[in-house]
Amino acid sequence: MGRYINKGNKAFRKIVNQEYIDKTSLIPVVNATLNTENCYSCVTRCRRFGKSMAAKMLCAYYDKSCDSRELFKGLEAEKAESFERHLNKYYVISLDIAEFTTKYRRERDIVDVIQRDVLADVLAEFPEVRAKDTDDLMDVLYSIVETTGEHFIMVIDEWDAILREMGTDEYITTAYIDLLRRLFKGASSSDVFAGAYLTGILPIKRYNTESALNNFCEYTMIRPGKMATTLGFTREEVEALCEKHGTDMAEMESWYDGYCIGKASHMFNPYSVIKAINMEEYGSYWTTTSAYDSVRTYIEMNFDGLKDDVIRMLAGESVPVITTSFQNDLRVINSKNDVLTVLIHLGYLAYDRTTNKCYIPNKEVADEMKNAVTATSWGQLAKTLENSQCLLESTIAGNEEAVARAIDRAHDEHTSILAYNDENSLACVLTIAYIWARNEYIVHREYATGKGYADLVMIPRRHVGKPALIIELKFNHTADTAIAQIKRKAYPAKIAEYAGEMLLVGINYDKETKQHACKIERLAKD
């Protein structure tokens, strides 16, 4: 058993010995690619989405130096027709590139050092192989295959760590890509490897329109293909966890749901879900300082009105994005679309392929985006957040004049974003004006009530001792008309199951005076 080759199944055993959500459905998907032209896979997701667990699972399954049958007993992979055929049948080389970047951060020849370390480990496992001084890793692997008649599977976790952490050095990045090409695009590659599985945050770097490793099948946050549900938690998986542990599913959704990955419209951050269950407290568990600094850097570029788009997304809106121009290189950011695409890959934004729009997925991410924005030079946006908090306080206090003035101010500040000519545009401004409310409320636009749609409904989060808000908007009518519609269509009856005390808020915009008016009525809890 080596350090990089045939490491056994201890790592996966530790995973299944704790509470394990069965993600072994990945195995038959990878099995179907082995020894074919599609045997090279690169699966990229944002941090803490289960990439390393999946890599350890694959190593335990394929590694011929151990017997892993018991670890998969009763799991989904065991049901697959291909399970027996590939179980513990291969030499497996497993690399964690992030581990190398930590160990050799100041080594400019890090790629040579990686190859040297792995080569030494392989030769220790196969002492009968004689390597010449000029032989590289690929030469030695080919010699082993010729001697044994068997094939390797290579699993590389955090494949892009060198590009993300040392990407400013062209010498290092070029050497690294050349190593990967030597392994997977050479004339002997198909003879040596039955398959390769790479994980990372960024897709493989593109040069012009072509990937540096164009023989890899890529499964990304934007185009996940058949890998959509193999990483991350599905809604059904989280519901089962919540039922088992007596955890509130609605809170779990608002904090950690929201990723739309391919056909999987509700994907949760698995790390944060498990942390929330173990800690018995909801909070921000996913973010790190390094990612936070990157977000702040990217959004401060403010390409092409990026600031306006960030404001809209903080308010719960979606914005269009073109993801095809990004070259999968953090150093090459040329447009607003590139920034938005980077944030999708980093997990700070979610992407809906059906609309080609992106949005902030949940409260955990929204909180960190607000923190990042506040730390930038966007003074006006920071002021918007402060004004929004005052607006919510004025609304709950029933101060109608203060609410009207605050919405007037929000309208004046954000007219560059929206054409202001109907109730829908008024609703957009209101969602921006009430950005702060998302800290304490679950906010719904166009909330279905059975007798129509309430324009804006804010339901207090669990343990937040504040009233629910039902806000109806009118354009060139009166605020009293808005209140009357709330009552006529019995909107409060639908909301009552979620909340105790409620505020009915009617807001009207007068096109002639260009002023807003507000009417607030309080409904006491029965």
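The values are calculated or read from the model by the stated rules, or taken from the named source; none is laboratory data. Values in this document were obtained by computation on a predicted structure and should not be read as measured data. Every residue, glycine as well, gets a Cβ built from its backbone with ideal geometry; the counts of neighbours run over all protein chains shown.
When residue 134 is tested against (1) of a type outside the set (Phe, Trp, Tyr); (2) closer than 30 Å to residue 205 by Cβ; (3) without any contact (Cβ under 8 Å) to a residue 60 or more places away in the chain; (4) part of a helix (DSSP H, G or I), just one condition goes unmet, and that condition is (4). Restricting the stretch 431-461 to residues that are touching a strand residue (DSSP E or B) at 6+ places or on another chain (Cβ under 6 Å) and either in a helix (DSSP H, G or I) or on the phi > 0 side of the Ramachandran plot (or both), the residue that is modelled with the lowest pLDDT is 446.
The set of residues from the stretch 294-310 being surrounded by fewer than 23 Cβ atoms within 10 Å (Cβ to Cβ) and aliphatic (A, V, I, L, M) comprises 301, 306.
Condition check: surrounded by fewer than 20 Cβ atoms within 10 Å (Cβ to Cβ), at pLDDT 95 or above, outside the structural domain of residue 147 (by TED's automatic domain parsing) and farther than 30 Å from residue 136 by Cα. Does residue 253 satisfy that? Against the criterion (surrounded by fewer than 20 Cβ atoms within 10 Å (Cβ to Cβ), at pLDDT 95 or above, outside the structural domain of residue 147 (by TED's automatic domain parsing) and farther than 30 Å from residue 136 by Cα), residue 253 does not qualify. Identification of helices (runs of 4 or more DSSP H) wholly contained in the stretch 265-335 with 1 or more residues that are basic (Lys, Arg) and more than 18 Å from the chain's Cα centre (by Cα) yields 306-314.
For every residue, the table says whether it meets (1) more than 33 Å from the chain's Cα centre (by Cα); (2) crowded, with 21+ Cβ neighbours inside 10 Å.
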| position | (1), (2) |
| --- | --- |
| 153 | no, yes |
| 181 | no, no |
| 186 | yes, no |
| 203 | no, yes |
| 220 | no, yes |
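If you go through the stretch 424-470 and keep only what is in contact with a helix residue (DSSP H, G or I) (Cβ under 9 Å, 6 or more places away or on another chain), aliphatic (A, V, I, L, M) and under 13 Å from residue 509 (Cβ atoms), you end up with 426, 429, 430, 433. Candidates 213, 198: the one that is in contact with a strand residue (DSSP E or B) (Cβ under 9 Å, 6 or more places away or on another chain), surrounded by 20 or more Cβ atoms within 10 Å (Cβ to Cβ) and closer than 23 Å to residue 102 by Cα is 198.
The requirement of being in the same structural domain as residue 64 (by TED's automatic domain parsing) and not charged (D, E, K, R) is not satisfied by residue 261.
Every residue, every condition in (1) modelled with pLDDT under 95; (2) more than 28 Å from residue 211 (Cα to Cα); (3) touching a Phe, Trp or Tyr at 6+ places or on another chain (Cβ under 7 Å), yes or no:
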site	(1), (2), (3)
12	no, yes, no
22	no, yes, no
29	no, no, no
34	no, no, no
37	yes, no, no
58	no, no, yes
66	no, yes, no
70	no, yes, no
73	no, yes, no
